[in-house]
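Each remark here refers to the structure printed beneath this line.
The values are calculated or read from the model by the stated rules, or taken from the named source; none is laboratory data. Predicted, not measured: the structure shown is a model, and the values here were computed from it. When we count neighbours, we look across all protein chains shown, and the Cβ atoms used for this are built from the backbone with ideal geometry, even at glycine.
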Amino acid sequence: MVIKLLLLIILVICNLEDLNVPKTVFLFADSAIEPIPRELFNDEIIRKFALKKNKKPSEILLDSTYHHKPMKKLSNYKKRGRPDIIHFCLLNLVGSTFVLNNLTEIEIYVHTIDNKIIEIKPYTRLPKNINRFKGLIVQLFKQKKIETDGNILLRVLENENLESVLNSIDPNNRFLFSSKGYEMDLEKVFEKNNAMDLAFIIGAFPHGNFSQQINCLTKNMASIFPESLNAWIVLNKIIFFRELTLK
């Protein structure tokens, strides 16, 4: 009886500790992942590629590895067609000890270059193979959600916008990371805000600038290095110092 009581007390204490863990929201902004746009459907390279895959162009993700030449017909093409960036970021994030130890206090959103918003549950195990990942995202765009055993893993938020998904986070506690921002000491800032709910906005595109709607989400544009860094490098630094300062 005493042992059972002690176990119950430990469980209650653990649950109380969990309640004290602040929320962390990750938003990958302007992510370079989208289906092949309609204006490229009749391009010869696109048609041949789709025929080879035995798919419609709308069932294929735009990828500069294969579609670089036709992509030049698109506006802002240098910012598009890099699904590998968000794939690598998500693998790093959902596989991190920070996320695995704080599943109930993590929210993950992917905002795409064509203005879709995807929610990814932190317990989701994503395919490590890029082609399988791309296939999963095409399926998601078609079905609007991916679930297993009744649990939703990924879903397209059709009735949400960027402000609504960040609504629970005070604008002063949102950080947009850019080499054009003010110099930020992650450890000091995170230590100061270690009891606060925070949102981190990271660009998941190869070149260019954030769209205006992303810039409007916060006035806190922060830089951790004077030059542009790969998105996953920025992400991993955020993960490390957020986890470190929450302990």
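For region 99-132, the tally of residues that are of a type outside the set (Val, Ile, Thr), closer than 16 Å to Asp84 by Cβ and within 14 Å of the chain's Cα centre (by Cα) stands at 1. A single member of Ile106, Ile60, Ile85, Ile46 is under 20 Å from Ile214 (Cβ atoms) and surrounded by 13 or more Cβ atoms within 10 Å (Cβ to Cβ), and it is Ile85.
Listed here are the residues, each with its yes/no results for (1) farther than 30 Å from Asn193 by Cβ; (2) touching a helix residue (DSSP H, G or I) at 6+ places or on another chain (Cβ under 7 Å).
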{"residue": "Leu103", "(1), (2)": "no, no"}
{"residue": "Ile117", "(1), (2)": "no, yes"}
{"residue": "Asn129", "(1), (2)": "yes, no"}
{"residue": "Leu140", "(1), (2)": "yes, no"}
{"residue": "Lys145", "(1), (2)": "yes, no"}
{"residue": "Glu160", "(1), (2)": "no, no"}
{"residue": "Ser168", "(1), (2)": "no, no"}
{"residue": "Phe175", "(1), (2)": "no, no"}
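Listed conditions (1) under 22 Å from Leu91 (Cα atoms); (2) in contact (Cβ under 8 Å) with a residue 60 or more places away in the chain; (3) of a type outside the set (Val, Ile, Thr) are all met by Ser211, apart from (1).
Looking for something polar (S, T, N, Q) and touching a residue at least 60 places away in the same chain (Cβ under 8 Å) - is there at least one such residue anywhere in region 164-176? Yes. Of the residues making up region 187-200, one or more are under 29 Å from Asn76 (Cβ atoms), in contact with a strand residue (DSSP E or B) (Cβ under 7 Å, 6 or more places away or on another chain) and either in contact (Cβ under 8 Å) with a residue 40 or more places away in the chain or not assigned by TED's automatic domain parsing to the domain that holds Ile224 (or both). Looking across region 112-150, just one residue is aliphatic (A, V, I, L, M) and free of Cβ contacts under 8 Å to residues at least 12 places away in the same chain, and that is Ile146.
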